[in-house]
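Below: the structure, in structure tokens.
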Amino acid sequence: TLCEDAADPAAAADSASLAAFYREWLGSLHLGPDAYAGFYAVDGMVLPPNQPPAVGRRAIAAWLRDAQASLPYTVRPEGVAVDERHFLNPGWVLYRSTLRGQRIPKAGSAPVPFETKYVDLLHRTEPGRWEVVYRMWSDNR
């Protein structure tokens, strides 16, 4: 499959560095939009559903700040599945995942389950280090 790499030590190391990158990147959300945007390429881009793209770290941080302020809910993640990890070459990877969890309405009503699929294009900046070039997503429910 596109996610198997146990037979290739170099691919296994790449996969481990990707897993570490995602833990660090998604863990940066509590540090604020600027920290989160710092994981994108200088000219990186988010392509949110039904909105124009945000291009560059400053625009990504502003987009996230606005999105967090305007959403009528907070998010409680419950798990991420890696659906596809496809190395286009040693410096580029296509990474597809699905995040599942609960959206907790700020108004206090019952949580709503969600499932969102993501596609990321990542670039290796140096051994073991990655940056997000493009991110797009949509909800499954």
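Select from the stretch 103-123 the residues that are without any contact (Cβ under 8 Å) to a residue 40 or more places away in the chain and within 25 Å of Asp14 (Cα to Cα) and list them in ascending order.
Once the filter is applied, which keeps residues that are without any contact (Cβ under 8 Å) to a residue 40 or more places away in the chain and within 25 Å of Asp14 (Cα to Cα), the stretch 103-123 yields Thr116, Lys117, Tyr118, Val119, Asp120, Leu121.
Residue-by-condition table, conditions (1) farther than 25 Å from Gly128 by Cβ; (2) modelled with pLDDT under 95:
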{"site": "Val42", "(1), (2)": "no, no"}
{"site": "Pro52", "(1), (2)": "yes, no"}
{"site": "Trp63", "(1), (2)": "yes, no"}
{"site": "Gln68", "(1), (2)": "yes, yes"}
{"site": "Val75", "(1), (2)": "yes, yes"}
{"site": "His86", "(1), (2)": "no, yes"}
{"site": "Leu94", "(1), (2)": "no, no"}
{"site": "Arg100", "(1), (2)": "yes, no"}
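Does Arg76 count as outside any loop (DSSP other than H, G, I, E, B), open to solvent by 60 Å² or more (accessible area, probe 1.4 Å), basic (Lys, Arg) and more than 21 Å from Ser138 (Cα to Cα)?
no
Collect the residues in the stretch 105-141 that are farther than 20 Å from Tyr36 by Cα, open to solvent by 40 Å² or more (accessible area, probe 1.4 Å) and either assigned to a strand (DSSP E or B) or not small (Gly, Ala, Ser) (or both), keeping them in residue-number order.
Lys106, Pro111, Val112, Pro113, Pro127, Asp139, Asn140, Arg141
Taking the stretch 19-68 only, how many residues are open to solvent by less than 40 Å² (accessible area, probe 1.4 Å) and in a loop (DSSP other than H, G, I, E, B)?
4
The values are calculated or read from the model by the stated rules, or taken from the named source; none is laboratory data. Since we're looking at a predicted model, the values are computed, not measured. When we count neighbours, we look across all protein chains shown, and the Cβ atoms used for this are built from the backbone with ideal geometry, even at glycine. Side chains included, ligands, DNA and RNA excluded: accessible areas come from the protein's heavy atoms. Shrake-Rupley method; radii C 1.70, N 1.55, O 1.52, S 1.80 Å.
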